[in-house]
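Novice: Mind looking over this structure? Questions follow.
Where a number appears in this text, it was derived from the coordinates with a stated rule and is not lab data. Source: prediction; values computed, not measured. Positions of Cβ are generated from backbone atoms using ideal geometry, with glycine treated the same way; all protein chains shown enter the neighbour counts.
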Amino acid sequence: MSLFAKYKFNGGLKLAGHKKISMQEKIADAIIPAQLIVPLQQHIGRAAKPIVNIGDKVLKGQCIACLSDSKNNTVTAAIHAPSSGEVIAIEQHVIPSMLKQTGDCITIKTDGKDTWHNDINPINDPLSLDNDSLKQIILEAGIVGLGGAGFPTHLKLTTKNSNKEKPIDALIINAAECEPYITCDAALIQEQATRIIQGIQFIQHALNIKKCIIGIEDNKPQAIKALELALDDKTKEQIEIIQVPTRYPAGGEKQLIQVLTGKQIPINKLPRDLGMICHNVATTYAVANAILDGIPLIERIVTVTGDNIEHPKNMRVLFGTLMNEVLNSCGYTENNNQDIIMGGPMMGIHLDSANYPVIKTTNCILVKNNKTTTTPLPCIRCGECARVCPANLLPQQLFWYSRSKDYDRLQEHQIFSCIECGCCDYVCPSHIPLVQFYRFAKNEIWTQESDKKISDHARERHEYRQYRLERKKAEDAERKAKKKALLNKKQGIDTSADDAKKSAIEAALQRVKEKQTAVPKNTSNLTAEQQKKIKEVDRRRSDKINPAANNTTTKNTINPKDDNNG
Ligand code: SF4
Ligand code: SF4
């Protein structure tokens, strides 16, 4: 039986769900398109590098891009061929992202046979594997967080914790799916609850965690039922299902943890710091597939919904399929006055067309009629944005500082704690696109920091080069001196006489110096002319005794550079 959450988070909004639209049918398989345009960057971290060439034949599930030095602590994810065919291009193509970027993509002309690669290795006894082996399987399967962030999953399986006093002892599974319209997780749970529970067990095993909580919004009764039925007597003891009130953004990581456990993750801290780790429910399904069937991440469930779509539904779509093709297969009618959004209406990415490939983080393709461009008005300081902010920020202040590009103040006001949920945008009576300002500012700060890192790195390299040159010079001098000494020794040249002469001169100089300091001259009652003459005699005598030392003294007293150094 599931339980109900005891806690709640601050702010947030009660939004119309529009979930039923896409839940009328079972999950359908999308067609294999004639071409798959597979981006090399579908995740947070380093882009994968192609390991195939144009003209190569590839099979379904074959790794086509990865980092050759990928270890299970590298922030990257491998990319696999979603179907069999031939690589016909490796070139730039638009990829869905906030920054409207293009990126390198591998284009595969599919052969329609969908032939699997031989190198698919199911694991018979996964619970006998250790943490490192499980992490390596997840890394090689290219699994990333499927909730939208795309963070490589193997990194969230690390048992090491920065907070040594608090070991990771709780696994949180995010099945809240709080954004309106999106139903891909709910549909997956309804159809694959048993596999999801298996994936959860593997993650628990990898992290040696006994306690797991699945957080799910209370507007998904069928999915909740499916999860309850998938638990047996043993798993019931370890896995708890908790229903959370339907309030946006209950699926935000920090908000969900607060609702489920009553613990607030402090600013600049991660759940890990409080001994918790959070995974999306669809990610656990991908983990189970990789371990039990050896299947890498090559497809995902995508909600296709919104206006002008005759058959809205959830579809199993191969990565690299253009959104156009997915929409067309659902009876989509294009018109000029509509928004195409990857994701939900609150946090989704607004695209300028449907000519974008589906990637690992595409949870929804949403079409909304009546594209409106409202002219923003000045901020009236009503404070509505602060009232709804679930991160307890001051959105209007963030707006002012973003607009004036005051990046220091923005960081002081914790701009990086903003989860870009869009609640502030939604309620702003002045229609100010606040989140756009925050995204731009965050990007600027990242760019500046990355530029600074590059210049610091260049300076460090220059300093290190100087140090190496100096060290080499000193080593060369030492080597030369040693060589000379060895040569002298070999030739039988006795340098002891020279050394004795040097010591005698030094001793004589020392004696003179001592005499001069020991017997002060009584010259105070002489005339200036007489004193000048005595000084002249002293100087000449000193020159005679040690001309080099005298020169050094002179040099030392007149060199401004040396004075400065001194
Ligand atoms: S809601 Fe809009 S108008 Fe009101 S304080 Fe916030 S930014 Fe200003
Ligand atoms: S977008 Fe950021 S500032 Fe606005 S309500 Fe959400 S968390 Fe707060």
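Novice: Show which aspartates and glutamates lie in cross-link reach of K502 when reach means a straight Cα distance below 16 angstrom and same-chain residues fewer than eight apart are skipped.
Specialist: K502 reaches D494.
Novice: With only alpha-carbon atoms in the gyration tensor, what are the semi-axes of the equivalent ellipsoid for segment 382-432, in Å, largest first? Present the calculation step by step, with values, prior to reporting the outcome.
Specialist: Values: eigenvalues 60, 31, 14 Å².
Working through the eigenvalues yields semi-axes of 17, 12, 8 Å.
Novice: Let's see if you can work this out: charge +1 on each Lys and Arg Cβ, -1 on each Asp and Glu Cβ, no other charges. What is the dipole magnitude of segment 1-92 about its Cα centre, in debye to the nearest 20? Walk me through the intermediate numbers first.
Specialist: Values: 11 positive and 6 negative charges, 151 e Å.
Using Cβ point charges on Lys, Arg, Asp and Glu, segment 1-92 gives about 720 debye.
Novice: While we're on this one: Going down the table (K211/K313; K236/K263; K26/K368; K166/K452), which pairs top 27 Å between alpha carbons? Can you show the working numbers first?
Specialist: Working: K211/K313 34 Å; K236/K263 23 Å; K26/K368 23 Å; K166/K452 34 Å.
Pairs exceeding the cut-off: K211/K313; K166/K452.
Novice: Still on this structure, please answer the following. Show which lysines lie in cross-link reach of K472 when reach means a straight Cα distance below 21 angstrom and same-chain residues fewer than eight apart are skipped.
Specialist: Output for K472: K480, K482, K483, K484.
Novice: Additional query: Could you tell me how many degrees, from 0 to 90 and to the nearest 10, lie between the Cα long axis of helix 281-292 and the main elongation axis, the longest principal axis, of the Cα atoms of the chain?
Specialist: 80
Novice: What is the packing order of peptides 194-207, 330-343, taking the mean over residues of other C-beta atoms within 10 Å and listing the highest first? Can you show the working numbers first?
Specialist: Numbers: 194-207: 21.6, 330-343: 16.6.
Taking the mean over residues of other Cβ atoms within 10 Å, the ranking is 194-207, 330-343.
Novice: Pop out the ³J(HN,Hα) list for segment 179-194 in order, Karplus 6.51 cos²θ - 1.76 cosθ + 1.60 with θ = phi - 60°, rounded to Hz; leave Gly and Pro as x.
Specialist: Ordered by residue, 3J(HN,Hα) equals 6, x, 6, 7, 9, 4, 6, 4, 5, 5, 4, 4, 9, 9, 4, 5 Hz.
Novice: What percentage of all Cα-Cα pairs in segment 109-246 are separated by more than 25 Å?
Specialist: Result: 36 percent of Cα pairs exceed 25 Å.
Novice: Here's another thing I want to ask about it. Hey, got the dipole for segment 257-382? About the Cα centre, +1 on K and R Cβ, -1 on D and E Cβ, debye to the nearest 20?
Specialist: Once rounded to the nearest 20, the dipole reads 580 debye.
Novice: Can you pull the Rg over Rh of segment 274-407, Cα-only, Kirkwood? Numbers along the way, then the final one.
Specialist: On the way: Rg = 19.3 Å, Rh = 17.9 Å.
We get a ratio of 1.08 for segment 274-407.
Novice: Past 18 Å, Cα to Cα: identify those pairs from K225/K254; K57/K109; K8/K210, in the order given.
Specialist: Details: K225/K254 25 Å; K57/K109 9 Å; K8/K210 25 Å.
Going by Cα-Cα distance, K225/K254; K8/K210 fall outside the 18 Å limit.
Novice: Under a point spin-label approximation (7 Å from Cα along Cα-to-Cβ), what is the K535-E228 distance to one decimal in nm?
Specialist: My value for the distance between the label points is 10.7 nm.
Novice: What value, in deg cm²/dmol to 500, does the helix sum -39500 (n - 2.57) over DSSP H runs of n ≥ 4 give at 222 nm once divided by the residues of the chain?
Specialist: Helices in the chain give a 222 nm mean residue ellipticity of -12500 deg cm²/dmol.
Novice: Next question, about the same structure. Where a Cα-Cα gap under 17 Å defines reach, which aspartates and glutamates qualify for K220, not counting those fewer than 8 residues away within the same chain?
Specialist: E25, E177, E179, D185, E191, E228, E240
Novice: Report, in degrees rounded to the nearest 10, the 0 to 90 angle that the Cα long axis of helix 434-491 makes with the longest principal axis of the chain.
Specialist: That works out to roughly 40 degrees.
Novice: What number, in percent, do you get for the relative contact order of segment 207-356 if the mean sequence gap of Cα pairs under 8 Å and at least 6 apart is divided by its residue count?
Specialist: 12
Novice: Note down the net charge around I267, summing +1 for each Lys or Arg and -1 for each Asp or Glu among other residues with Cβ under 13 Å from its Cβ.
Specialist: Result for the neighbourhood of I267: 0.
Novice: For Q466, what charge total do you get from the other residues with a beta carbon under 14 Å from its beta carbon, if Lys and Arg give +1 and Asp and Glu give -1?
Specialist: Counting the neighbours of Q466, the net charge comes to +4.
Novice: For the chain, calculate the relative contact order in percent as a whole number, restricting contacts to Cα pairs under 8 Å that are 6 or more residues apart.
Specialist: Over the chain, the number comes to 16 percent.
Novice: Turning to a different aspect of this structure: In Å, what Kirkwood hydrodynamic radius results for the chain from the alpha-carbon pair distances?
Specialist: 28.7
Novice: Add +1 for every Lys or Arg and -1 for every Asp or Glu among the other residues with Cβ under 15 Å from the Cβ of D29, and state the total. Mind showing how you got there, number by number?
Specialist: Details: positive: K26, K60, R300, K313, R316; negative: E25, D114, E191, E299, E325.
Local charge sum for D29: 0.
Novice: State, to one decimal in nm, how far the label point of D451 lies from the label point of K20, with both points 7 Å from Cα in the Cβ direction.
Specialist: Result for the modelled spin labels: 5.3 nm.
Novice: What ³J(HN,Hα) values, in whole Hz, does the Karplus curve 6.51 cos²θ - 1.76 cosθ + 1.60 give for segment 113-121 when θ = phi - 60°, with x put for Gly and Pro?
Specialist: 7, 6, 7, 6, 6, 5, 7, 10, 10
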